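Colleague: First, the structure itself, so that you have it in front of you.
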Amino acid sequence: MTTQIEKLIQSAKEKAYEETDSAAEPALTSAVEWPVKCNVGLGLEGAVACETTIGYVNGSKGWLIYRGLDCFDLSEFSSFEETSYLLIFGKLPSSKELADFNAKLAEYRILTDEEWKAVNALPLGKGHPMSDLRTAVSVLGLLDPTAEDTRVEAETEVSIKLLAKVPALAGIIARVRKGQEPIQADTSLSLAADMVRMMTGNAPSEEDAKVMDVCLILHADHGMNASTFTSMVVNSSMSDMYSSIVAGIGSLKGPLHGGANEAVLKTLEEIGSPDRVDDWYANARTKKKKVMGFGHRVYKAYDPRARVLQPLAELLSKRHPEVEKYYEIAVKLEGKVISELGKEKKIFPNVDFYSGIVYAAMGIETEMFTPIFAVSRVAGWTARVLEYLKNNRIFRPRGIYVGPAYVEYAPIDKRG
Ligand code: ACO
């Protein structure tokens with residue numbers, strides 16, 4: 001029987017396909033001849049870094065595919081575990097392959113005594129939880145005797161370890177920050193459900209677990225974004241997978257990237273009620289402030305991930321009255337931004353706009369939203385690092401020097 005969540009995803013997919021721009025499809029499978037000619041803008045806009053078969057973002061149509069599979073279909077039919085397998089190994093698993101993969105994820109999700117003690121001995125909770133997570137992943141790297149083995153098989157195994165262990169770390173971080181005892185994994189639950197349990201102390205309902213699973217699927221990969229590129233750059237020097245993921249976490253943390261989900265909820269709190277949206281927005285525009293959770297380097301259409309998350313946020317807001325107000329403010333703000341900036345600047349909600357309402361409904365603190373993003377994005381980071389590793393060439397772009405050609409060295413007592 002089709003569940004309500006599946007129906008909501010189906011209707012999001014229909015809308016995405018109805019409302020798309022008629023821009024021509026690029027030739028997705030055409031062979032690349034290096035060197036590639038491209039126009040490069042600031043922030044490497046338009047630059048081509050590699051060939052990939054992992055995923056594709058169609059920015060003008062607002063579609064997202066992983067290994068050829070539509071993100072709407074994966075959200076409806078797949079699980080985060082299966083989607084991670086797809087991203088890392090390039091195909092949907094057979095029943096046996098999925099069972100073996102899940103067994104490994106379950107084994108690794110339970111931190112060893114050594115890992116548990118080392119992570120719990122860290123001064124967690126003094127800085128941002130993404131800094132906690134960055135440090136905790138680094139500690140796991142110190143404890144893993146295979147960490148320095150950069151062969152593809154070894155880095156693949158480390159990828160599976162990280163997929164399993166990062167949610168456990170997020171759970172510890174969330175609880176220590178609240179002054180609560182951390183709890184070990186319960187591997188009878190899905191990774192998504194167990195992550196919520198390890199953070200909040202309560203296993204989510206079946207429906208909430210499915211919604212969180214969809215969130216993890218939708219955040220798993222997204223082209224050559226800043227954190228993915230960061231991870232790939234680090235690994236391209238033949239460093240190691242832990243260093244690459246630590247760097248990815250550092251990049252994702254920023255408010256222009258993954259940190260926007262946290263900033264969105266703060267914005268909704270600041271606005272306070274739907275009748276204050278117009279004034280808040282007018283004031284933000286006068287101050288030339290960006291509205292968090294809107295805009296994207298690649299999407300010039302409605303972000304398909306936001307298309308799925310919006311009805312899911314609505315569903316949860318009806319059942320969790322504490323977030324209903326946020327949802328109402330968000331819908332009004334979306335209408336305002338799209339009416340003013342949608343046509344002219346192609347600014348629409350991105351993945352971060354509605355995800356926070358979903359997480360808040362599940363009792364997760366605002367500051368933990370970006371670590372949840374990281375839990376999911378480990379799949380895309382590791383998949384792309386592994387793909388590039390198979391044909392590795394160190395990344396080394398240029399900066400164009402625009403300083404003076406020659407300056408005479410002045411002794412310290414002669415300097416102005
Ligand atoms: N609110 C208002 N105006 C915006 C917004 C926004 N959120 N985003 C872009 N614009 C405007 C800019 O002011 C700029 O206008 P101008 O041409 O008049 O100067 C124009 O749109 C282009 O914006 P840029 O910042 O140059 O676009 P860029 O591709 O460099 O940045 C980014 C993309 C970082 C996502 C940007 O849209 C932004 O800062 N959004 C808010 C933060 C956010 O939500 N980040 C999450 C992105 S999704 C993710 O990383 C998971």
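The values are calculated or read from the model by the stated rules, or taken from the named source; none is laboratory data. Note that this is a predicted model, so its numbers are computed, not measured. Note: ideal-geometry Cβ built from the backbone for every residue, glycine included; neighbour counts use all protein chains shown. Side chains are part of the model used for accessible areas, which takes the heavy atoms of the whole protein and leaves out ligands, DNA and RNA. Shrake-Rupley method; radii C 1.70, N 1.55, O 1.52, S 1.80 Å.
For (1) under 18 Å from residue 12 (Cβ atoms); (2) within 16 Å of the ligand (Cβ to nearest atom); (3) β-branched (Val, Ile, Thr), each residue gets a yes or a no:
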site: 42; (1), (2), (3): no, yes, no
site: 53; (1), (2), (3): no, no, yes
site: 59; (1), (2), (3): yes, yes, no
site: 69; (1), (2), (3): yes, no, no
site: 74; (1), (2), (3): yes, no, no
site: 77; (1), (2), (3): yes, no, no
site: 117; (1), (2), (3): no, no, no
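Colleague: Among the residues of the stretch 328-339, are any touching a residue at least 24 places away in the same chain (Cβ under 8 Å) and farther than 16 Å from residue 277 by Cα?
Modeller: no
Colleague: If the requirement is being farther than 23 Å from residue 383 by Cα and open to solvent by 10 Å² or more (accessible area, probe 1.4 Å), which of these qualifies: 247, 209, 226?
Modeller: Only one candidate passes the filter, namely 209.
Colleague: In the stretch 234-261, which residues are more than 16 Å from the ligand (Cβ to nearest atom) and outside any helix (DSSP H, G or I)?
Modeller: Within the stretch 234-261, 237, 238, 239, 240 qualify.
Colleague: May I ask you to verify whether residue 76 is among the acidic types (Asp, Glu), in the same structural domain as residue 221 (by TED's automatic domain parsing) and open to solvent by less than 30 Å² (accessible area, probe 1.4 Å)?
Modeller: yes
Colleague: Sticking with this structure for a sec: Pairs, please: C-beta under 6 Å, at least 6 apart or cross-chain, first residue more than 14 Å from residue 326 (Cα to Cα) and in the stretch 270-284, second open to solvent by 30 Å² or more (accessible area, probe 1.4 Å)?
Modeller: Going by the 6 Å Cβ cut-off, the qualifying pairs are 281/336.
Colleague: So which of 291, 264 is more than 30 Å from residue 142 (Cβ to Cβ) and part of a helix (DSSP H, G or I)?
Modeller: Unique residue meeting the criteria: 264.
Colleague: Can you find a residue that is touching a residue at least 24 places away in the same chain (Cβ under 8 Å), polar (S, T, N, Q) and within 24 Å of residue 144 (Cα to Cα) anywhere in the stretch 207-226?
Modeller: no
To keep it simple, each residue is scored yes or no on (1) assigned to a loop (DSSP other than H, G, I, E, B); (2) within 16 Å of the ligand (Cβ to nearest atom); (3) farther than 15 Å from residue 268 by Cβ.
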residue: 331; (1), (2), (3): no, no, no
residue: 340; (1), (2), (3): no, yes, yes
residue: 356; (1), (2), (3): no, yes, no
residue: 373; (1), (2), (3): no, yes, yes
residue: 376; (1), (2), (3): no, yes, yes
residue: 383; (1), (2), (3): no, no, yes
residue: 391; (1), (2), (3): yes, no, yes
residue: 394; (1), (2), (3): yes, no, yes
residue: 407; (1), (2), (3): yes, no, yes
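Colleague: Every residue in the stretch 283-301 that is more than 7 Å from the ligand (Cβ to nearest atom), at pLDDT 95 or above and open to solvent by less than 50 Å² (accessible area, probe 1.4 Å), please.
Modeller: 284
Colleague: If you go through the stretch 343-354 one residue at a time, how many are near the ligand (Cβ under 8 Å from one of its atoms) and either among the polar types (S, T, N, Q) or in a helix (DSSP H, G or I) (or both)?
Modeller: 5
Colleague: Right, another one. Examine the stretch 312-323 for a residue that is open to solvent by less than 10 Å² (accessible area, probe 1.4 Å), part of a helix (DSSP H, G or I) and within 13 Å of the ligand (Cβ to nearest atom), and state whether such a residue exists.
Modeller: no
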